[in-house]
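As structure tokens, the structure follows; a few thoughts come after it.
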Amino acid sequence: MSRVIVVTSGKGGVGKTTTSASLAAGLAKKGYKVAVIDFDVGLRNLDLIMGCERRVVYDFVNVVQGEANLKQALIRDKRVDNLYILAASQTRDKDALTEEGVGKVIDDLKADGFDFIVCDSPAGIEKGAQLALYYADEAIVVTNPEVSSVRDSDRILGILQAKSRRAESGDAPISEHLVLTRYNPERVDSGDMLAVDDVVDLLKVPLLGVVPESQQVLNASNAGEPVILDEESDAAQAYMDVVDRFLGEEKEHRFLTAEKKGLFSKFFGK
Amino acid sequence: MSKIIDLKGSILSLTVLKLYDDRFEVTRDALEQKVAQAPDFFVGIPVVLEPQVALADATFLALLVEFLHQKRMIPIGVRTEDEQIKEQAEYAGLAIFPNTPDKPARPEKPRAASSEDEAGLKSALMIAGSVRSGQQVYAKDRDVVVMGSVNPGAEVVADGHVHVMGTVMGKVFAGSSGETGARIFANRLNPELVCIAGMYQLAEDIDDQFKNGFMEVRLENDKLVFNPDCLN
Ligand SMILES: Nc1ncnc2c1ncn2[C@@H]1O[C@H](COP(=O)(O)OP(=O)(O)O)[C@@H](O)[C@H]1O
Ligand SMILES: [Mg+2]
């Protein structure tokens, strides 16, 4: 049975696209058939992070508007089997996506036997973000440990509960998961950032994982590779945990505390 | 330099007098009867007039204002979109309120919207989880019980009492139609605003000592009273 997952946040630049790419790649590596869709019409950067920007011929908007079929537009990932990308369009107007059109694409993907359909949401709480979450069965809310990001996530959670198809039809509500990204324990200790407990306390959504702030994420996105494939890095391991927990495994949370300072830094300060 | 005045936006609860008849004498007699039933209740209350009919008699509002003053009520304005009534109101020295809906619009449906239907027992409106930023819950003619928290940027409004099992971090309004006996109860209160029957206090005006532990807020002599000991 297919599951539709929206990766959303309210605020921009918190790590939705990074998370979508790694989640999709991680699920595909486990053997599931996965499609990841970029809903950020106009910005289009999922294909850059996935490293397939030169292979985009037809995009999501073309399919919704009937100018191409799904088979033509789905880009097959070269590194991971069973992983497909549906890119956003860079030039079209933001109203190019419609609820019906999106619904049809999702139904077609389900009929094609995709196990997971990951929807990478644009920022905001308006139409684009609402379309991305409308058909979701599961929501991954991406938050940074700062007040404005948490506030925006709270708003998007309210919208998930009120404006999704599941809410409108009275079905079981969307299951919600929290991913806290760009977490920096040193800055939490110094009081510049919110602690993980404070965020979970306010949002009251089960924590799927904490992804540390990491240079590896920037390197990976510059290289056009989902960071989860850079297996040695902290960020990749954090995302692997996220995937395992999403699939129901119980795992202890990692990357929550600052690394102990070595003798050297003890003697010489920072 | 000390402050001389302070002009702030305000949330007031006003009595609205709806007028269904354009004859002054008939209206006056009806009012006379009403006031006779509870003369003290009407002394000093601010009243907004809301004509539901055209007022052809150009002196209607002026006469009504005079009559209300005699009854020691304080007419302060008219709520209308009718140009001719606006003109009369200006002449009678009344403020003009635009005819906006009674309650602020609800931007998003609260989670427990389905329990808001009017059928059956009119007990408290139950909200299963937290009220989130951007959401507004309104319990008409009854209490509201929020099982979770009222998050920053959320609003909970009730004509009756407001009970919050978690923490109030947003805005809460009890007695929003003027019920001065309405109270607010919270497991913890660290709100953006609390308001009972139009009297409100902002976060910055609330003493920090009241922001920990169970709290009751009620109205006494037109003042909000914070009572941490209400359970003892
Ligand atoms: N864990 C992380 N550590 C460091 N940088 C990160 C991390 N996650 C995301 N970023 C960076 O933050 C920026 C925004 O990320 P992106 O995934 O595009 O966010 P969104 O899709 O929410 O706008 C990118 O430059 C990305 O490389
Ligand atoms: Mg993005």
- Message: Just to be sure I understand the filter: pairs with C-beta atoms under 6 Å, separated by 6 or more residues or on different chains, first member in the range A:183-194 and crowded, with 17+ Cβ neighbours inside 10 Å, second member of a type in the set (Val, Ile, Thr) and outside any loop (DSSP other than H, G, I, E, B). Which pairs pass?
- Response: A:Tyr183/A:Val210
- Item | A:Ser20, sole failed condition from (1) in a loop (DSSP other than H, G, I, E, B); (2) crowded, with 24+ Cβ neighbours inside 10 Å; (3) within 8 Å of ligand 1 (Cβ to nearest atom) | (1)
- farther than 23 Å from A:Pro173 by Cα and within 12 Å of ligand 1 (Cβ to nearest atom) - does that describe any residue in the range A:76-90? yes
- Task: Would you point out which residue out of B:Ile184, B:Ile206 is of a type in the set (Val, Ile, Thr) and modelled with pLDDT of 95 or more?
- Result: B:Ile184
- Residues A:Val41, A:Val63: which one is over 14 Å from the mean Cα position of the chain (by Cα), β-branched (Val, Ile, Thr) and within 16 Å of ligand 1 (Cβ to nearest atom)? A:Val41
- Query: Hey, B:Asp40 hits all of (1) assigned to a strand (DSSP E or B); (2) surrounded by fewer than 13 Cβ atoms within 10 Å (Cβ to Cβ) but one; which does it fall short on?
  - Reply: (1)
- Name every residue in the range A:29-43 that is away from ligand 2 (no atom under 13 Å from the Cβ) and surrounded by fewer than 24 Cβ atoms within 10 Å (Cβ to Cβ), in order of residue number. A:Lys29, A:Lys30, A:Gly31, A:Tyr32, A:Lys33
- Task: Identify the single condition in (1) over 19 Å from A:Val80 (Cα atoms); (2) assigned to a helix (DSSP H, G or I); (3) within 15 Å of ligand 1 (Cβ to nearest atom) that A:Leu202 does not satisfy, given that it satisfies every other one.
- Result: (3)
- Message: For the range A:123-145: of the residues being outside any helix (DSSP H, G or I) and at pLDDT below 95, which is farthest from the other protein chains (Cβ to nearest Cβ)?
- Response: A:Ala123
- Residue count, the range A:131-165 (criterion: within 16 Å of ligand 2 (Cβ to nearest atom) and more than 21 Å from A:Val196 (Cβ to Cβ)): 3
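The values are calculated or read from the model by the stated rules, or taken from the named source; none is laboratory data. In this text, all values refer to a predicted model and were calculated from it rather than measured experimentally. Counting neighbours? That spans all protein chains shown, and the Cβs are built from the backbone with ideal geometry, glycine included.
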